[in-house]
Amino acid sequence: MAEENLINGVVITFFSTASAVGKTLISVNMASELAREGYSVCLLDMDLQFGDVSNYLKLNPIYTMADIQRMMQAENSDFKIYEFLTEYEHRGVAFHVLPAPLQLSEAYNIEPEIVESMVRDLQRYYDYIIVDTTSMFSTLNMRLLDLSTIVTFLGIVDFIPTIKNMKIGNDTLRSLGYDSNKIRLVLNRSDAKSQISRADVENLLEERFYHILPNDFRSASTSIKTGVPLVLSPDDSELARALRSLVSLYTNKPVEYESIAEPGDISEEKSGGWLSKLFN
Amino acid sequence: MAHNVLLYESNRIMLGTLSNVIKSAPNCNLVASYQSHTDALGQGKVFNPNLLLIDVESQDATWLITEFRKAFPSAIIICMGERWQADSASHLVQAGASGYIIKPFSAVELKDTIDTFAKGGGLETSCKVMTFFSPKGKSGKTTLIANLAMSLARKTNEPVGIIDADLQFGDMAVFFNLNPSNTIVEAARDADFLAPVSLQSFFVPVTDNVSVLCGTRNPSLIDRVAIKDFETVVNSARSLFKYLLIDVPAGFNPTSISAAEIADVTYLVAMNNDGFEKQHIRKAISLFEEDWPDVKDRLKVVFTRVEPYGAEKSSELENQLGFPMEGILPNEYMLVSKAADNGRMALDIASDSRLSDAISHLADKIIRHQVRRDTL
Ligand SMILES: Nc1ncnc2c1ncn2[C@@H]1O[C@H](COP(=O)(O)OP(=O)(O)OP(=O)(O)O)[C@@H](O)[C@H]1O
Ligand SMILES: Nc1ncnc2c1ncn2[C@@H]1O[C@H](COP(=O)(O)OP(=O)(O)OP(=O)(O)O)[C@@H](O)[C@H]1O
Ligand SMILES: [Mg+2]
Ligand SMILES: [Mg+2]
């Protein structure tokens, strides 16, 4: 790990336009699974003010993004970014984390240009850079989206306001002019309690979900409490399997597990129903 | 009732323009017009006007309104100016004015203004502005605001306003099933020139007493709402409502910071999910503590989705935070989601639910505090 690559690593960003849809949980698991498969991985917590990566992995970082920004601004040519990252290790599987600042004032002063340099620098050393974000179109997030190889746009189906924001978010992402395979629409917590059907949502978005992750509150919260990502835990939950199959879609490795994404049931009819009243 | 209008305007050309507008306005007789305030004060009484339109930009405005009030004790007084000045509004109201209009105005604008102020809906002098702030999203704050606004209006019969300043993904319009033509973007655009009555027309009424200034229609419009214009909108809205509730984006950002600074009280809202939300709330509290010496008066903490719901859990949270708990809301996921999906309020769907009780309890606290303040 942390040997200089001749090629630049892949940047996978998790983004959403609603909070609490699983960006952090899934990015932590993506990093873990890639590391388990032998790739060198760095996970970036770009939820600068209230980032949860260190919480979900029970890390106590010594250096954070604020320190790294300071060092980069000092323009010392001996500076090696990977020397200041925090390692997560579980039963022989390890990856690096670039944690969010500890203080709110530091968070407020992180500069998008410096973040961009951090990502570019990390790309030289790691196969995969996994980026966790916040749910808004901020200057920082827009820049991260531009830099990314793949953007996973995550959604959940709980109630109509969230669906409205997913639609607006998806339309906005599509309007940015990226290659069509760059943005991947993923549904999390698919069978959670809701009055709204997945097919209605796909009709509204005019797009199928690329992958679907099941709702499993117990496994998710156990993993957060213990600090052990689902894909590294011995109890092989359905959610863990679905997470692994998402990773295999990204690495183009043969699918070890059957994807649980059944084809979405998109009817021929355009949604003229009650959801469309939101968007006339 | 016909309005017998006395017009005082110091600019001769404007005097002519406005006279013609008043003559063409429905229900208005122009009984006297003056370019000099001493003439208006001395001679106007002869014509027995019941509505005065007074140019407040030529003289010391407060003094002028006080004099007109003395000379015409029972007339409605509407101030005229070229731009709305929120900071002097409450002085004018205390001196006896009931309203404000930006000149020049059209006959329709005049009629709307008179209608608003003549039916007793004068400018509010003491409005309680409340900002709802959450470290992270999905805290339940939009649900809280919408239901709390309804509860405050029902209990007090006072006008209640909601401003959706969650500038990229504001949900208030969906909560109330509205499809407004005017939003915070238009209000901010016109901020400098808006008197409260015109601002009122940007708010969409949802009941007799509750109205909403809706959020942007798409995320890129955030750039069209400058912070200073947003602040002007909030300050003008103070004159329209007794209670004003502001929804802001999660986290510390220019909008949420300015809304917290401008508010009388900021509610810190988090959903109790047994994750790291207590830690996030503590972090936010400590930042407010650094900035606000009177933090205990200005900052209140509310947790939503609290189970088991009760005083015991509330004091447990209080101990964990080291900060008083203003209120807790129970877990009513199906109720609130169904309500929002159908553009209705949880309070209406289940008025006897634990959620309704909790909201009602919070509203009572706010009202008691406001009544105490008003009687000081
Ligand atoms: N598939 C799932 N099944 C059940 N619970 C889930 C699932 N995915 C995530 N969760 C839970 O949802 C909550 C939010 O997850 P997470 O913190 O990863 O979201 P986020 O998008 O990063 O939120 P934020 O925008 O607030 O940072 C967590 O409590 C997590 O345990
Ligand atoms: N008291 C409650 N009990 C259980 N669930 C709740 C409660 N209040 C809100 N919710 C649910 O939590 C989710 C978020 O609610 P709401 O939209 O009010 O929060 P918010 O903080 O405004 O979110 P956003 O960050 O998206 O603006 C919704 O699914 C809603 O139904
Ligand atoms: Mg997160
Ligand atoms: Mg909201």
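The values are calculated or read from the model by the stated rules, or taken from the named source; none is laboratory data. Small disclaimer: the values here were computed from a predicted structure and weren't measured. No Cβ is skipped: glycine too gets one built from the backbone with ideal geometry, and neighbour counts run over all protein chains shown.
For the residues B:Ala284, B:Ala263, B:Ala311, B:Ala339, the requirement of being of a type in the set (Gly, Ala, Ser) and within 30 Å of A:Tyr56 (Cβ to Cβ) singles out B:Ala284.
Taken over segment B:123-145, the criterion of being out of contact with any strand residue (DSSP E or B) (no Cβ under 7 Å at 6 or more places or on another chain) and either within 16 Å of ligand 3 (Cβ to nearest atom) or not acidic (Asp, Glu) (or both) is satisfied by B:Thr125, B:Ser126, B:Lys136, B:Gly137, B:Thr143.
Within segment A:18-60, if we keep just the residues that are over 30 Å from B:Lys141 (Cβ atoms) and surrounded by fewer than 24 Cβ atoms within 10 Å (Cβ to Cβ), the residue that is nearest to ligand 4 (Cβ to nearest atom) turns out to be A:Asn60.
Quick grid of which residues meet (1) within 11 Å of chain B (Cβ to nearest Cβ); (2) not in a helix (DSSP H, G or I):
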{"site": "A:Asn170", "(1), (2)": "no, no"}
{"site": "A:Leu185", "(1), (2)": "no, yes"}
{"site": "A:Asp191", "(1), (2)": "no, yes"}
{"site": "A:Glu207", "(1), (2)": "no, yes"}
{"site": "A:Pro214", "(1), (2)": "no, yes"}
{"site": "A:Ser221", "(1), (2)": "yes, no"}
{"site": "A:Val228", "(1), (2)": "no, yes"}
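Would you confirm whether any residue within segment A:15-31 is more than 16 Å from ligand 3 (Cβ to nearest atom) and either modelled with pLDDT of 95 or more or not in a loop (DSSP other than H, G, I, E, B) (or both)? No, there is no match, as no residue in segment A:15-31 is more than 16 Å from ligand 3 (Cβ to nearest atom) and either modelled with pLDDT of 95 or more or not in a loop (DSSP other than H, G, I, E, B) (or both). From the list B:Gly161, B:Gly215, B:Gly170, B:Gly251, the one residue that fits, being of a type in the set (Gly, Ala, Ser) and at positive phi, is B:Gly251.
Within segment A:138-168, the residues that satisfy the criterion of being in a helix (DSSP H, G or I), more than 14 Å from chain B (Cβ to nearest Cβ) and touching a strand residue (DSSP E or B) at 6+ places or on another chain (Cβ under 7 Å) are A:Leu144, A:Leu147.
Using the structure shown, decide if B:Leu178 is away from ligand 4 (no atom under 16 Å from the Cβ) and either in contact (Cβ under 8 Å) with a residue 24 or more places away in the chain or in the same structural domain as B:Val233 (by TED's automatic domain parsing) (or both). Spelling it out, it is not the case that B:Leu178 is away from ligand 4 (no atom under 16 Å from the Cβ) and either in contact (Cβ under 8 Å) with a residue 24 or more places away in the chain or in the same structural domain as B:Val233 (by TED's automatic domain parsing) (or both).
For the subset of segment B:97-117 comprising residues that are surrounded by fewer than 19 Cβ atoms within 10 Å (Cβ to Cβ) and under 16 Å from B:Pro26 (Cα atoms), which member is farthest from ligand 3 (Cβ to nearest atom)? Only one residue tops the list, namely B:Ala107.
Filtered by the rule that a residue be under 20 Å from B:Ile102 (Cβ atoms), polar (S, T, N, Q) and in a helix (DSSP H, G or I), segment B:3-48 gives B:Thr17, B:Ser19, B:Asn20, B:Ser24.
Restricting the first member to segment B:317-332 and to residues that are within 14 Å of chain A (Cβ to nearest Cβ), and the second to residues that are away from ligand 4 (no atom under 16 Å from the Cβ) and of a type in the set (Lys, Arg), the beta-carbon pairs closer than 8 Å and six or more apart or on different chains are B:Glu332/B:Arg354.
Quick grid of which residues meet (1) of a type in the set (Asp, Glu); (2) touching a strand residue (DSSP E or B) at 6+ places or on another chain (Cβ under 9 Å):
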{"site": "B:Arg282", "(1), (2)": "no, no"}
{"site": "B:Ile285", "(1), (2)": "no, yes"}
{"site": "B:Phe288", "(1), (2)": "no, yes"}
{"site": "B:Asp294", "(1), (2)": "yes, no"}
{"site": "B:Lys300", "(1), (2)": "no, yes"}
{"site": "B:Glu307", "(1), (2)": "yes, yes"}
{"site": "B:Gly310", "(1), (2)": "no, yes"}
{"site": "B:Ser314", "(1), (2)": "no, yes"}
{"site": "B:Leu317", "(1), (2)": "no, yes"}
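When residues in segment B:212-253 are screened for being polar (S, T, N, Q), closer than 28 Å to B:Glu289 by Cα and within 14 Å of chain A (Cβ to nearest Cβ), 1 of them pass. The number of residues in segment B:265-277 that are within 11 Å of chain A (Cβ to nearest Cβ) and out of contact with any His (no Cβ under 9 Å at 6 or more places or on another chain) comes to 6. Among the residues of segment A:138-162, those identified as surrounded by 22 or more Cβ atoms within 10 Å (Cβ to Cβ), within 16 Å of ligand 1 (Cβ to nearest atom) and farther than 15 Å from A:Ile183 by Cα are A:Ile156, A:Val157, A:Asp158, A:Phe159, A:Pro161, A:Thr162. Considering (1) part of a loop (DSSP other than H, G, I, E, B); (2) surrounded by fewer than 16 Cβ atoms within 10 Å (Cβ to Cβ); (3) not charged (D, E, K, R), the lone condition that B:Gln320 does not fulfil carries the number (1).
One line per residue, one yes/no per condition, for (1) within 14 Å of chain A (Cβ to nearest Cβ); (2) under 30 Å from the mean Cα position of the chain (by Cα); (3) hydrophobic (A, V, I, L, M, F, W, C):
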site	(1), (2), (3)
B:Gln279	yes, no, no
B:Arg282	yes, yes, no
B:Asp297	no, yes, no
B:Phe303	no, yes, yes
B:Lys313	no, no, no
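On inspection, B:Ser256 qualifies as within 14 Å of chain A (Cβ to nearest Cβ), part of a helix (DSSP H, G or I) and either within 16 Å of ligand 4 (Cβ to nearest atom) or touching a residue at least 24 places away in the same chain (Cβ under 8 Å) (or both). In segment B:82-99, the condition of being part of a loop (DSSP other than H, G, I, E, B), closer than 21 Å to B:Thr232 by Cβ and without any contact (Cβ under 8 Å) to a residue 12 or more places away in the chain is met by at least one residue.
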